[in-house]
Amino acid sequence: MYDSYRDHLAIQLEEIREAGLYKNERVIVSPQGAEITLNTGQKVLNFCANNYLGLSANKKLVEAAKEALDTHGYGMSSVRFICGTGDLHKKLEKKIADFFGTEDTILYAACFDANGGVFEPLLTSDDAIISDSLNHASIIDGVRLCKANRYRYENADMDDLEAQLQQAQEHRFRLIVTDGVFSMDGNVAPLGKIYELASKYNAMVMVDESHSAGVVGETGRGVTELYNLRGKIEIITGTLGKAFGGAIGGFTTGKREIIEMLRQRSRPYLFSNSIPPLVAAAGLKMIEMMTETNELQDRLHHNTKYFMEKMLKAGFDIKPTQSAICAVMLYDAKLSQELASRLLNEGIYVIGFYYPVVPKGQARIRVQLSAAHETVHLDKAIAAFTKVGKELGILK
Ligand SMILES: *Cc1c(COP(=O)(O)O)cnc(C)c1O
């Protein structure tokens, strides 16, 4: 059988290559940070990590993780409800709830699992989920696993959300679900208006804060902070894999009874392993650091503002945002690839996105800012963008 199946795969892989969509991995041999070393020996400035607070190689987090290795060992060898719950897991769940102003938290191995396991235990075919069209793949998959009726509204389009809510009135319970920050445009979900519509049409709200936790809001508490909605949103999901240290792990935090039900019925929680104690220990340290001072959040906000202002001044077309994702619009797939490749030669590592990752004719370079970037790093990137931008005729 495998002979014919191999040929079948070879044809498909060739099609992916011909379409220019084949993904290659660049190999990094240094810790994650503002400056990284590739296995080619090239040192580059990194502008494509989700390392928003620069914590991926933070010394205090590494120390906390090392200490937990000595006190708690390496792995749990169990799911949570059998014998995979340690004191560090419980402490981290409490800290995450305190951070977001919620009632309780449940940890997962990843936010992909948190989203995959949140809908099915909570809603049935009597209910409705109303989902933003640009929500993350894990939300889409989670919704697919649930029997609730599905409604979809255009990205951040509040007229469309209202129309969908009107249509969904016949169902028992309604849940609106949105990313906090959409990863391609970097736009922040209009949570204030979403909350208003949810109140008007009697619905609950879920926000995925993966790209916004640690980033959005004065103190980095996410979009619920930005819109003064702390404690008012029923369900928040998020990741420990982005701003929060960048290792692994996800969570759902929110209303007490919702979290309680997830502990009873959520399949990725019941049937997948506990996160290692060292990750929980570093997570605790991370929240402690973010609570003690606002230094990292302030630096990230400063860096983002600085970079965007200078890039706009240089003449680039940039999507406005309150996140740390800066979409440099090029509208041409080939141009985005050419620009990214020339920038790498200049020592700036960014990624160009084009169809089907973004709509046709919407190609762009996505720049992700970090608290780890120093002003010299930002200046170097802006200078390289300007130089190559002129060479390629993007700037006059
Ligand atoms: C990155 C991301 C996830 C997945 O998080 P992991 O912890 O890496 O699985 C889920 N949702 C959104 C919106 C994300 O950006």
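No value in this document is a laboratory result; all are computed from the given coordinates. Keep in mind that this is a model prediction, so the values were computed, not measured. Cβ placement follows ideal geometry from the backbone for every residue including glycine, while neighbour counts extend to all protein chains displayed.
Loop-located GluC sites (Glu not before Pro) in the range 137-191 (DSSP state other than H, G, I, E, B) with a sparse environment of at most 16 neighbouring Cβ atoms within 10 Å: Glu154. About its Cα centre, the dipole of the range 59-292 is roughly 640 debye, where the only charges are +1 on Lys and Arg Cβ and -1 on Asp and Glu Cβ. Within the listed set Ala247, Ala34, Ala19, the residue fluctuating most in the Gaussian network model of the chain (springs between alpha-carbon atoms under 10 angstrom) is Ala19.
Which of rounded, prolate or oblate describes the chain when judged by the alpha-carbon gyration tensor and an a/c cut-off of 1.5? Rounded, because the longest to shortest axis ratio a/c is under 1.5. Taking a virtual spin label 7 Å from the Cα of Lys23 along the C-beta vector, which residues in the range 128-147 bring their backbone nitrogen under 13 Å of it? Taking a point 7 Å out along Cα→Cβ of Lys23, the residues of the range 128-147 whose backbone N falls under 13 Å are 137-138. The GNM of the chain, with springs linking C-alpha atoms under 10 angstrom apart, assigns the highest mean-square fluctuation among Val216, Val358, Val44 to Val358. With a/c under 1.5 counting as rounded, go ahead and sort the range 59-292 into rounded, prolate or oblate using the C-alpha gyration tensor (a ≥ b ≥ c being the square roots of the eigenvalues; past the cut-off, prolate if a/b is larger than b/c, else oblate). It comes out prolate by the Cα gyration axes.
Placing R0 at 51 angstrom, the Cβ-Cβ distance between Glu295 and Tyr331 gives a FRET efficiency of 0.85 after rounding to 0.05.
Each Lys and Arg adds +1 at its Cβ and each Asp and Glu adds -1 at its Cβ; summed about the Cα centre, the chain shows a dipole of about 480 debye. Look at the dipole of the range 59-292 built from charges on Cβ: of Ala163, Leu262, Ala64, the Cα furthest out on the positive end belongs to Ala64. In loop segments of the range 320-377 as defined by DSSP, the trypsin sites (Lys or Arg not before Pro) with at most 16 further C-beta atoms inside 10 Å of their C-beta are Lys360. Helix check for the chain. Which DSSP H runs span at least 18 Å along their own axis by Cα, with a mean Kyte-Doolittle hydropathy no less than 0.5? Long hydrophobic helices here: 277-292. Each of Val357, Val388, Val215 was scored by other Cβ atoms within 10 Å of its Cβ. Arranged with the fewest first, they read Val357, Val388, Val215.
Taking a straight line from the alpha carbon of Lys313, these lysines sit under 30 Å away, with near neighbours fewer than eight places off in the same chain left out: Lys43, Lys242, Lys305, Lys334, Lys360, Lys380, Lys387, Lys390, Lys396. A Cβ-based charge dipole, computed about the Cα centre of the range 250-396 with Lys and Arg at +1 and Asp and Glu at -1, lands at about 480 debye. Loop-located chymotrypsin sites (Phe, Trp or Tyr not before Pro) across the range 237-292 with a Cβ neighbour count of 11 or fewer within 10 Å are Phe271, with loop assigned by DSSP. Here the calculated FRET efficiency for Leu270 and Asp317, from their Cβ-Cβ distance with R0 = 51 Å, stands at 0.60, rounded to the nearest 0.05. Placing a label point 7 Å from the Cα of Glu15 along the Cα-to-Cβ direction, the residues of the range 351-369 with a backbone N closer than 15 Å are 356. For the residues Gln322, Gln368, Gln42, a GNM of the chain with alpha-carbon springs under 10 Å puts the largest fluctuation on Gln42.
Counting only DSSP H runs of at least 4 residues, each contributing -39500 (n - 2.57), and dividing by the residue count of the chain, the helix-based mean residue ellipticity at 222 nm comes to -13000 deg cm²/dmol.
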